Amino acid sequence: MTTANNTQNIPFNEAQQAWLGGFFAGMHSHILHSAGSGDAANARTLTILYGSQTGNSESVANDAAKAAKAHGLNAKVLGMDEIERDAFIGLEYLLIITSTYGEGDMPDNAQILWEAISSDDSISLANMKYSVLALGDTSYDLFCQAGIDWDQRLTKLGATCLVERVDCDVDFDQAAESWISNVVPLMSNGAATMTIDSDDTAKAPTYSRKNPFPGKLVVNRLLTSPESSKEIRHYEISIAGSGLSYEAGDALNIVPTNCPELVADIIKAIGCTGDEEEPVHSQLMPLSEALREHFEIKTPSKELLDEIARRSGDQELNSVLASGDKDKLAKYLWGRDTLDLLLPFPNMQFSAAEFLALLKPLQHRAYSISSSGKANPETVHLTIGSVRYHSHNRDHKGVCSTYLADLADEHSAIRCFFSPNKVFRVPEDNDLPMIMVGPGTGIAPFRAFLQEREFRQAKGLNWLFFGDRNAATDYIYQDEIEALQNNKVLNKLDLAFSRDQEEKIYVQDRMREKGAELFALLEQGGYFFVCGDAYRMAKDVDKALHDIIATHGNKSDEQAAEYVNQMKKDKRYVRDVY
Ligand SMILES: Cc1cc2nc3c(=O)[nH]c(=O)nc-3n(C[C@H](O)[C@H](O)[C@H](O)COP(=O)(O)OP(=O)(O)OC[C@H]3O[C@@H](n4cnc5c(N)ncnc54)[C@H](O)[C@@H]3O)c2cc1C
Ligand SMILES: NC(=O)c1ccc[n+]([C@@H]2O[C@H](COP(=O)([O-])OP(=O)(O)OC[C@H]3O[C@@H](n4cnc5c(N)ncnc54)[C@H](OP(=O)(O)O)[C@@H]3O)[C@@H](O)[C@H]2O)c1
Ligand SMILES: Cc1cc2nc3c(=O)[nH]c(=O)nc-3n(C[C@H](O)[C@H](O)[C@H](O)COP(=O)(O)O)c2cc1C
């Protein structure tokens with residue numbers, strides 16, 4: 001297995017320059033524009049399966065398909081939920097590109113296939129040749145676990161691995177590009193390069209992950225009341241003139257910049273001036289600009305942690321790291337950012353180059369879109385909780401949520417790109433019921449769904465479960481919700497304000513109270529959507545759903561699980577959780 005997670009160990013100007021490097025720029029040079037030398041009918045079929053939650057793996061799968069077509073292969077890109085068990089077992093040439101979600105789990109669209117393939121030891125994959133590209137994030141304990149699981153399982157079932165698995169960190173472009181260029185020729189058995197339709201490139205959108213659109217921020221409004229214990233804001237970003245469009249259910253990714261005060265404090269803490277010129281993405285720039293625009297400076301990388309431990313000799317940090325106990329490390333890091341780790345050691349100095357080499361590239365953040373693209377073709381609405389907390393005697397701010405919240409100039413350009421979410425969609429059938437569970441910022445896509453249903457004049461029943469801490473301060477979009485009720489777009493609403501009474505009340509408690517009605521709607525083919533906190537809420541809502549189906553459907557736990565699985569297969573139980 002090859003890991004591409006340690007780009008920080010490669011001289012940073014090489015590894016990180018490539019981060020934004022255009023794969024297509026490189027790939028186009030391989031494309032022959034001569035008349036069709038390939039014979040599509042006789043071409044070997046290469047299936048490219050992606051497991052993806054927010055579109056990264058899907059986008060790499062599409063890159064791989066373009067490269068495969070250029071090598072004369074008949075490339076088929078499918079989501080893992082678009083192939084049945086038996087068809088999977090019959091595949092001969094396979095690429096798997098998957099991210100990891102939750103805590104080392106499969107992304108939602110890979111779960112059912114994974115369960116089918118991982119639970120049956122009688123399967124033989126002796127005819128299969130494969131390779132796995134795993135996308136992940138080294139800040140998670142179980143780095144790239146889903147890709148690891150697929151790789152190990154396919155080998156165990158007798159498949160032949162043609163190219164070692166590559167595990168990619170958040171800056172996956174370069175590693176993905178080199179995996180594609182290694183694996184595709186082997187899959188094609190050296191077949192001659194053929195033409196790919198020049199239209200393919202002509203059709204490529206101008207703006208994408210690799211070339212974000214500079215959208216104008218036109219609205220930045222506080223949704224929670226000023227007295228609230230939290231801050232949730234409504235944003236509208238103009239995409240007029242971009243040629244881009246989106247669907248309710250998609251996410252918008254925002255490319256933030258770091259807070260200038262934090263940049264200045266870090267520069268001081270490492271003993272630099274900020275004027276040191278360093279190469280970043282093939283360009284010399286002052287350290288201050290590099291830290292502001294290109295590197296993650298809030299959440300410390302593992303390499304930076306190790307180096308601080310080594311240089312400082314700090315007993316506590318060294319003993320936490322030496323213990324290898326991930327929970328201990330998470331506890332130690334909770335509420336501590338990079339600056340908190342540097343401040344106690346004023347004598348620990350880094351050169352600008354040393355420090356940059358220990359950092360990860362600054363990542364975009366994803367946000368579930370809270371508007372319908374049909375009702376609002378020129379703007380994208382977002383509903384974002386600003387991350388602000390006080391710890392270690394300092395105020396801390398989330399990078400992206402406060403980059404937006406604190407923008408002084410309302411008309412600033414926000415670099416953004418879309419992540420389509422093909423399964424998180426308003427049902428095509430306008431008559432089917434929709435049950436939506438979205439506490440806190442989880443309401444975002446359901447505001448979009450309701451706009452979409454209204455736009456379509458859909459007659460299907462709409463039921464929203466929403467809640468937050470306190471009704472008086474945190475009932476966001478209350479006016480809109482009430483208007484939707486009055487207009488009969490929102491037919492049922494159940495609210496759970498957790499802190500308005502002594503005992504906590506959560507959305508899943510409201511679901512249980514209405515269990516019989518909820519089950520009846522599922523029986524009518526209703527869709528069940530969940531959005532918001534992945535770690536606590538989505539798990540408890542899932543448990544409540546199982547219980548409701550068991551109780552009101554008179555089913556055993558196993559039968560209820562089967563029922564839920566069938567809903568997932570039918571894409572009637574879909575989640576957008578984070
Ligand atoms: C598909 C998807 C959709 C999403 N949709 C939305 C959405 O619609 N609305 C929304 O608000 N968010 C949404 N998110 C989350 C969003 O992407 C960001 O993770 C979030 O805004 C925080 O980013 P940040 O840059 O502000 O914070 P970061 O700089 O990334 O900091 C967050 C980190 O700060 C630390 N932290 C946070 N709170 C505390 C605390 N109280 N005490 C100590 N430490 C703390 C934690 O380590 C946490 O991981 C979505 C995420 C995904 C993946
Ligand atoms: N790691 C954390 O501790 C933590 C904490 C908050 C938010 N977040 C993150 O913040 C984002 C979402 O924030 P948000 O403002 O949308 O929502 P949120 O802060 O998670 O809370 C929204 C509502 O959900 C309630 N809630 C808490 N635990 C729940 C559970 N197990 N089941 C159902 N409801 C539950 C909250 O109640 P109470 O708060 O009164 O319990 C609150 O009323 C996510 O990224 C989430 O992971 C993380
Ligand atoms: C809620 C959440 C949980 C994640 N859990 C893991 C994890 O356990 N291990 C890991 O390596 N990466 C994890 N990741 C990182 C994703 O795998 C990574 O961002 C990947 O590029 C996403 O690709 P996708 O858009 O194809 O889903 C997680 C990301 C999110 C938002």
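The values are calculated or read from the model by the stated rules, or taken from the named source; none is laboratory data. Bear in mind the structure is a predicted one, so any value in this text is a computation, not a measurement. When we count neighbours, we look across all protein chains shown, and the Cβ atoms used for this are built from the backbone with ideal geometry, even at glycine.
Annotations for the structure displayed:
- Exactly one residue out of Ser419, Ser386 is hydroxyl-bearing (Ser, Thr, Tyr) and either exposed (fewer than 14 other Cβ atoms within 10 Å of the Cβ) or within 16 Å of ligand 3 (Cβ to nearest atom) (or both): that is Ser419.
- Checking each residue in segment 523-563 for being more than 16 Å from ligand 2 (Cβ to nearest atom), in contact with a strand residue (DSSP E or B) (Cβ under 8 Å, 6 or more places away or on another chain) and of a type in the set (D, E, K, R) picks out no residue at all.
- Applying a threshold of 7 Å to beta carbon distances and a minimum spacing of six or more residues, or different chains, the list of pairs starting in segment 218-242 at a residue that is farther than 12 Å from Thr379 by Cβ and ending at one that is away from ligand 1 (no atom under 16 Å from the Cβ) and of a type in the set (Val, Ile, Thr) reads Thr224/Thr473; Ser225/Thr473; Glu227/Thr473; Ser228/Thr473.
- Helices (runs of 4 or more DSSP H) contained entirely in segment 142-206, each with at least 1 residues that are modelled with pLDDT of 95 or more and in the same structural domain as Ser57 (by TED's automatic domain parsing): 145-156, 173-188
- Residues (more than 16 Å from ligand 2 (Cβ to nearest atom) and closer than 27 Å to Leu252 by Cα) located in segment 564-578: Met567, Lys568, Lys569, Asp570, Lys571, Arg572, Tyr573, Val574
- Cβ-Cβ distances below 6 Å connect the following pairs, each with a first residue in segment 429-444 that is more than 18 Å from Ile369 (Cβ to Cβ) and more than 16 Å from ligand 1 (Cβ to nearest atom), a second residue that is in a helix (DSSP H, G or I) and of a type outside the set (Gly, Ala, Ser), and a separation of six or more residues or different chains: Asn430/Arg456; Pro433/Leu521.
- Single condition Glu307 does not satisfy, out of (1) more than 21 Å from Val399 (Cβ to Cβ); (2) without any contact (Cβ under 8 Å) to a residue 40 or more places away in the chain; (3) in contact with a Leu (Cβ under 8 Å, 6 or more places away or on another chain); (4) not β-branched (Val, Ile, Thr): (2)
- The listed residue being surrounded by 22 or more Cβ atoms within 10 Å (Cβ to Cβ) and more than 16 Å from ligand 3 (Cβ to nearest atom), out of Arg469, Arg453: Arg453
- Restricted to segment 432-500, the set of helices (runs of 4 or more DSSP H) holding at least 3 residues that are at pLDDT 95 or above and in contact with a Leu (Cβ under 9 Å, 6 or more places away or on another chain) comprises 444-456, 478-486.
- In segment 378-407, residue farthest from ligand 1 (Cβ to nearest atom) [restricted to those that are of a type in the set (Ser, Thr, Tyr) and part of a strand (DSSP E or B)]: Thr379
- Any hit, segment 118-140, residues being modelled with pLDDT of 95 or more, in the same structural domain as Glu58 (by TED's automatic domain parsing), assigned to a loop (DSSP other than H, G, I, E, B) and more than 20 Å from Ile89 (Cβ to Cβ): yes
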